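One structure is given here, and the rest of the page talks about it.
The numbers here are math on the coordinates, done by the rules we state, and not lab data. These numbers were taken from a predicted model, which means no experiment stands behind them. All Cβ positions, even for glycine, are placed from backbone atoms using ideal geometry, and neighbour counts span all protein chains on display.
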Ligand code: HT7
Ligand code: ZN
């Protein structure tokens, strides 16, 4: 397969003004009739171009142009296209009849069945599996859709927009509904759902007084579990009005939960389709993490209505235009609804855990890529999370007011269009009068910039200087890097722990508390500095960079105790813990044992008694860097056995030193009263669980009894699932009892039982691989269901580093075997699993060789999908 290049973008030769779709739904043979109003695009650079429509896995039944059925010689058909060489000069009507088989569609792209429900996924290029079409985001059309089905099998018939009509046909044997979406949209936002579903409903009045009917469709019996999603939706709608002045624009907004879904959810206009895992929640079935995820994904998909749907992307290279911006918006929503600093910590953790390794490995790519083979491979942490960081930096550089003006201008100017990153940036440049040309490099230059900060204090002159140097490492296809515009929010702490005023003659390199680093090296000198300060750099994580500052352990403890920027208090703790663990790994690799750790334990202990800190924040302090974070930090010659042991060493040391304090936290925060998912209560549960996790590492009878007690007496899933994970990782007799108990309680619930698969997949016990392999044959496991694959295989490969990276390489072999099996029917999921091996070059030589052997097996496979083929080539390159 040949790459597609951004530089080759050309406007479409044809436009499609309106689309009429008629579906006769049938599990094995759905008939699709599509009537298109087509015209030549006046902006096209080509004259007399043939009309080339995309199509895959379709049975073509008829092509009718302006009422005349075309003969076989009047069109050309390939496996991926339908070409009509001769078309009228004037606008014309094209009717295309196709037949498709949703029951056999396990790729979950196009029209498929999920537990008996017909549903669609058209982003990025699934519409071409429904009918022949110009499947590209810059072709915007209005859609009218008629769905017809067996009323017993599919009493609910949904599509985009507002419902115009419904009724019965064939003497009640069939029924139908007609939907119309007045907003022109690209075909990737088309959706239909038909099935036997239950629902909950609510009303929403927009700021300007329009009534919107909100409905969430779920499996029968699960209605109560949709209440939180509905609550989240209403709050999102209100927030978007208040924060961005964006109102909803249809009479109804529908959400449908389906079980089989390749990603989290999809923002189809007026008809969002969700992975049921991200809709269904009750205190007994879902953890706080799930409640939070539901809130943020419901918000994310809703926010796409403006950033993605009303203004869409000109081409798939501009994916970050909708995804980065919408992630930024959902992060801000969560920050406003919950604790801003805890939200920031969680977003930065996520960025560092997924995007930083991506950006420093073989899959590194610019936020706006310049070429791709398979677009589905570019729904990445870089496009989403780094894309969101770029928008955040724009807000930081411009300030809240100018940022909002820029957004207003973007909405006003590009509403109803398919836009580009340049057009987006131009809006901010225009409202602020700033030159954002250097800043634009963030979209085109891959790799995480390193910023090194050196300090010097001149006591006599009372000056303090920061010398900042930036470099961006080489990444695939990019050897030369240019200096970026990096906004660094800073503070200087005096000896009393308070911020010193920032006085400097640095000109516009410092604005308020933001240093604009634009040169490869820049020195900022602060004047009137009475004593050597402690620098607090990159406050709020104001730019997605690796920062290196000279800070002693004493400085880190000082920042943890005093920094007015709460994010940097957490960052100090995290850096301190990371340094300690890396030292422990180094010692272990030399056959020694590091004696460090007490310093960190002491600093942590002091922070935990600070009652000015809310519990969610204290929980974040107790959560040590993960084993994968440590591997990323070490970056080369990685030995996961040493990392696992160092992680356990520090965890146990803290648990021993702080045993009473942690036990007291666990006891005092015991759940009392009815469950509430709000941030304050969730924070207490998080702190309680974090304390238990540290204690459980001791493996003592007391610790295990405490964990088992939490599991068996849990009044909610947040407590139960956490304790189950800890027991599953232990060698205690309660391990089996708890797992069996959980299975008995939940085996009939296809959503909740995934927690049971996850607990076993993540267990660092030596037989983990055998257990996971056996579970792939379990009756509740289904390799065609992405949630099951992610729960078991994904969690094993990504969340169980010590067992996945077994020294004998059997973990890699297992993964490759599963990937090849899945690739036969769902390439998107298969390619995503390969991510687990992207850092193979950083491994120590023995594991590296075994990982390479396993990857090579994929290249030898006769017929890998385009998705897997592209990733494996890039990983091995
Ligand atoms: N925009 C949506 C992306 C998505 C997707 C992409 C490819 C294949 C399946 C998919 N399901 C959803 C989701 C989002 O970012 O909001
Ligand atoms: Zn999105």
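Put simply, when 509-518, 769-778, 127-136 are sorted by average Cβ atoms within 10 angstrom per residue, most first, you get 127-136, 509-518, 769-778. Run the paramagnetic zone check for residue 820: 7 angstrom along Cα to Cβ, then residues of the stretch 850-871 with backbone nitrogen under 11 Å. Of the residues in the stretch 850-871, 854-864 have backbone N under 11 Å from the label point off residue 820.
The residue 462 and residue 609 beta-carbon pair, evaluated with R₀ = 22 Å, returns a calculated FRET efficiency of approximately 0.05. For a test of the definition: using alpha carbon positions, the gyration tensor, and the 1.5 limit on a/c, classify the stretch 167-238 as rounded, prolate or oblate. Oblate is the answer for the stretch 167-238, as a/c is 1.5 or above yet b/c matches or exceeds a/b. Ellipsoid fit via the Cα gyration tensor, the stretch 358-425: semi-axes of 26, 16, 8 Å, each the root of five times an eigenvalue, largest first. Relative to the current alpha-carbon distance between residue 564 and residue 163, full extension at 0.36 nm per residue lengthens the span by 139.0 nm. The calculated FRET efficiency for residue 771 paired with residue 223, based on their beta-carbon distance and R0 = 45 Å, is about 0.80. Ranked by the mean number of other Cβ atoms within 10 Å of their residues, highest first, the peptides 574-581, 418-425 fall in the order 574-581, 418-425. Can you give me the angle between helix 734-746 and the longest principal axis of the chain, using Cα atoms only, in degrees from 0 to 90, rounded to the nearest 10? It is inclined by approximately 30 degrees.
From largest to smallest, the equivalent ellipsoid semi-axes obtained for the stretch 1-130 from the alpha-carbon gyration tensor read 27, 19, 13 Å.
Along its three principal directions, the equivalent ellipsoid of the chain from the Cα gyration tensor extends over semi-axes of 46, 33, 27 Å, largest first. If you take the Cα centroid of the stretch 756-795 and the Cα centroid of the stretch 116-141, the two points sit 32 Å apart.
Students often get this wrong: which residues of the stretch 753-797 have the backbone nitrogen under 17 Å from the point 7 angstrom along Cα-to-C-beta of residue 861? Label zone hits: 783-786, 789-790, 793-794, 797. Take 252-259, 780-787 and order them by the average number of nearby Cβ atoms within 10 Å per residue, most first; the result is 252-259, 780-787. Multiplying the residue separation of residue 64 and residue 206 by 0.36 nm and removing their Cα-Cα distance gives an extension gain of 46.8 nm. Here the Kirkwood formula puts the hydrodynamic radius of the stretch 484-605 at 15.8 Å, using every distinct Cα pair. Give the distance, in whole Å, between the Cα centre of the stretch 550-573 and the Cα centre of the stretch 1-50. Result: 56 Å between the Cα centres.
Relative to the dominant Cα principal axis of the chain, helix 717-728 is inclined by about 70°.
Need one word for the stretch 129-185: rounded, prolate or oblate. Basis is the Cα gyration tensor (sqrt eigenvalues a ≥ b ≥ c); a/c below 1.5 gives rounded, then a/b vs b/c decides. Judged from the Cα gyration tensor, the stretch 129-185 comes out prolate (a/c at least 1.5, a/b above b/c). Rounded, prolate or oblate: which one fits the stretch 541-637, using the alpha carbon gyration tensor with axes a ≥ b ≥ c (rounded when a/c is under 1.5, else prolate when a/b beats b/c, else oblate)? Prolate. Kirkwood hydrodynamic radius (Cα pairs, Å) of the stretch 18-303? Answer for the stretch 18-303: a Kirkwood hydrodynamic radius of 19.9 Å. With only Cα atoms counted, the stretch 450-543 has Rg and Dmax values of 14.4, 49 Å. The angle between the Cα long axis of helix 866-876 and the longest principal axis of the Cα atoms of the chain comes to about 30 degrees, rounded to the nearest 10.
P(r) tail for the stretch 104-244: Cα pairs beyond 27 Å make up 30% of the total.
Taken over the stretch 653-769, the ratio of Cα radius of gyration to 2.2 N^0.38 Å equals 1.05.
The spacing between the stretch 417-493 and the stretch 239-264, judged by their C-alpha centroids, is 34 Å. Inverting the pair-averaged 1/r between distinct Cα atoms of the stretch 323-378 gives 13.0 Å as its Kirkwood hydrodynamic radius.
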